[in-house]
Amino acid sequence: MPEIAKVFEDHQHLGEWRVEWFDDDGGCEVEIFIGPNARDQAIRYADHQYGKFEEVSIIRELTIAQGSAHIKSVNRKISESNPSRLSARPR
């Protein structure tokens, strides 16, 4: 079963929002949105294209162990798709 699409702000390029979706065969579709309404555009795209999506926050965590630093990205779910929520948002 394909994964639910993920909507998130790019952790290297703040202000850019991404929609990522992986199919059953490991293929990936990525759309990037830039500009003052990038988050809203990404959410609308994910809702229209995939129907279900999760908005997640990518948090980089720094771990220092035995003198070496390790950085890992952690996905934290913010919300799941809810089309009625989208239409009620002020523009």
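Okay, residues lined up against (1) part of a strand (DSSP E or B); (2) modelled with pLDDT of 95 or more; (3) surrounded by 16 or more Cβ atoms within 10 Å (Cβ to Cβ):
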| residue | (1), (2), (3) |
| --- | --- |
| G15 | no, no, no |
| V19 | yes, yes, yes |
| D25 | no, no, no |
| I32 | yes, yes, no |
| R39 | no, yes, yes |
| A42 | no, yes, yes |
| A46 | no, yes, yes |
| I58 | yes, no, no |
| E61 | yes, no, no |
- Among (1) modelled with pLDDT of 90 or more; (2) out of contact with any Lys or Arg (no Cβ under 6 Å at 6 or more places or on another chain), I4 falls short only on (2)
- Filter region 1-13 for residues that are outside any strand (DSSP E or B) and aliphatic (A, V, I, L, M); which is nearest to I58 (Cα to Cα)? I4
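The values are calculated or read from the model by the stated rules, or taken from the named source; none is laboratory data. Owing to the predicted nature of the structure, the values given are computational and were not obtained by experimental measurement. Using ideal geometry, Cβ is built from the backbone for each residue, glycine included, and neighbour counts are taken over all protein chains shown.
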